[in-house]
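Report on the following structure.
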């Protein structure tokens, strides 16, 4: 009888220990109220410029500017740092694989909005399990009159030993082999998808052969918050279907904007096999033999 009671108590304790992580995992886009209520359970990573961080930030937040997380490499913009460098960046924050992390940034521009999801994707690539982003960014925190600190936080560094999740990253060769097999998602504006427009650093206009269009610009409200998740999920299902196990590859011009729909599809809507083509069209269009459709 005593042994049976002990087993029950151990089982209950294990369940209680799992509950916070399960609750956190269900909140991938969190409100300012949620963050106030759960601040003691998370590490807040503020990815704004240091001068913006110093002028006021979420109390306890650590500052790691976006430019550290996405670098220029081999002539491509917004690329992942080398694994060893990324491990050093995360080690300096004190984040561990099981740490609950909330990413906070500014929503001043479209690029700023997706910088937040890009850092979240990078942390997932590095093997951090529990990631959320603050809906509406720091501007929403200020608008909701939440507490602000000007005290710079120096985190206690810990060696980061997480297992990198390289399955969520693909290159051009992988994309070429996946045409006609995976669902390839172009999340740029329709004019860029159609080839009517292109950015200067992209060699050729058009979209990857067979890609569907699911624009990032449709995700956000005017104030930088996300549209209702039911509306966004319906939008996603219309573009990629309802098969949660089907392989999906998301791309944009340089790999930054692609993170927004990756984050929603993979983390919020539970599609199980979503990848980012980090080089995106900037990389793809440089190869004259790579098929682009107008």
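The numbers here are math on the coordinates, done by the rules we state, and not lab data. Fair warning: this is a prediction, and the values are worked out from it, not measured in the lab. Methodologically, a virtual Cβ is constructed for each residue, glycine included, from the backbone with ideal geometry; neighbour enumeration extends over all protein chains shown.
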Legend entry - Per-selection metrics, segment 127-219 (Cα): Rg and Dmax in Å: 19.9, 53
Inset, instruction - Please list 51-62, 248-259 highest first by mean number of surrounding beta-carbon atoms within 10 Å per residue. - result: 248-259, 51-62
Inset, instruction - Quick one: compute a quarter of the convex hull surface over the Cα atoms of segment 180-222 and quote it in nm². - result: 3.7 nm²
Legend entry - Area projected by the alpha carbon convex hull of segment 73-130, averaged over all directions, nm²: 4.4 nm²
Inset, instruction - Compute the convex hull volume of the Cα atoms of segment 26-143, divide it by the residue count, and report the result per residue in Å³ as a whole number. - result: 103 Å³
Legend entry - Mean ellipticity per residue at 222 nm, deg cm²/dmol - from DSSP H runs of n ≥ 4 across the chain, formula -39500 (n - 2.57): -10500 deg cm²/dmol
Inset, instruction - Taking every pair of alpha-carbon atoms in segment 149-268, give the share separated by more than 24 Å as a whole percent. - result: 38 percent
Legend entry - Full-extension gain in nm, residue 227 to residue 111, via 0.36 nm per residue minus C-alpha separation: 40.0 nm
Inset, instruction - Please give, to one decimal in nm, the separation of the simple spin-label points placed at residue 238 and residue 65, each 7 Å out from Cα toward the Cβ. - result: 4.0 nm
Inset, instruction - Mind telling me which of 129, 239, 70 comes out most flexible in a GNM of the chain, alpha-carbon contacts under 10 Å? - result: 239
Inset, instruction - Which order do the peptides 264-273, 147-156 take when ranked by the mean count of other beta-carbon atoms within 10 Å per residue, highest first? - result: 264-273, 147-156
Inset, instruction - Quick one: work out Rg over Rh on the C-alpha atoms of the chain, Rh as Kirkwood radius. - result: 1.00
Legend entry - Contact order normalised by residue count of segment 26-143, Cα under 8 Å, 6+ apart, percent: 32 percent
